[in-house]
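So the structure is just underneath, and the comments pick up after that.
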Amino acid sequence: MFAGKTIWEIFQIGGFTMYILLLCSFLSIVVFLERVMYYRRLSKIKRVEFMRAIRRALTAKNIEKAAEICRVTPAPFSQVVYSGLELYNRSGKEISNAMEREIIVRTISLERYTTILATIGNTAVYIGLFGTVLGIIRAFHDISAAGAGGMNIVIGGVAEALVCTATGLFVAIPAVIAFNYFTKRVEHFITDMELCASELTDLIGAK
């Protein structure tokens, strides 16, 4: 059916919906690469090592040292701990609330752009199906206009139309996989932030 055709020619068979899917694929790749690099940069520092350093500083009553450790540590949990240290002389409730708010802020930052992947994963297949329906309608219209047709012509038109559905699946499946992967990464970051907040609350409560 597609023998002798180039990828570009097959791409053009799908019509304008193929350009929409191409844009979706481009957005997926851009978001995937940006989030991978972003999460990798934030994952370089281990929570256990960070909290060990914070514990030593607080044990020595050196609040400024603990705050400096937070400022130079590029990780979401360091910002959570820093928000608690800023209120070191306040009540435990105020410190806990400040850290909870910071966790929400950092979670929003971590989830940034991932909804694009979810949207593409949920809609790319339907965009492909829409292109397929249009292709089938066009195939039957051409047969009707020609005044003749046969099973081979019908099958050929449907096969060409299904290029859109195949492309939609090709775009949607990686987007869904990437979204699920990033969701697990965000959950891991949230767990680290909550553990650090809990541990800092205990350390400050023991002062």
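Computed from the coordinates by the stated procedures, all read-outs in this text should not be read as laboratory data. The structure displayed is predicted, hence computed values, not measured ones. Ideal geometry is used to build each Cβ from the backbone, glycine not excepted, and the neighbour counts take in all protein chains shown.
Between amide H atoms placed 1.01 Å from N, distances below 5 Å from Leu87 occur with no residue 5 or more places distant or on a separate chain. Net charge dipole, region 7-205: roughly 800 debye, given to the nearest 20, about the Cα centre with Cβ charges of +1 for Lys and Arg and -1 for Asp and Glu.
Rounded to the nearest 0.05, the FRET efficiency derived from the C-beta distance between Ile108 and His141 at R0 = 41 Å is 0.25. Note on Met37 and Arg71: the extension gain reaches 10.2 nm, defined as 0.36 nm multiplied by sequence separation minus the Cα-Cα distance.
Each residue of region 15-29 is assigned a 3J(HN,Hα), and the resulting list reads x, 5, 5, 5, 5, 5, 5, 5, 5, 4, 5, 4, 4, 4, 5 Hz, derived from the Karplus form 6.51 cos²θ - 1.76 cosθ + 1.60 (θ = phi - 60°), x at Gly and Pro. Residue ranges 169-176, 90-97, 77-84 sort as 77-84, 169-176, 90-97 when ordered by packing (mean number of other C-beta atoms within 10 Å per residue, highest first).
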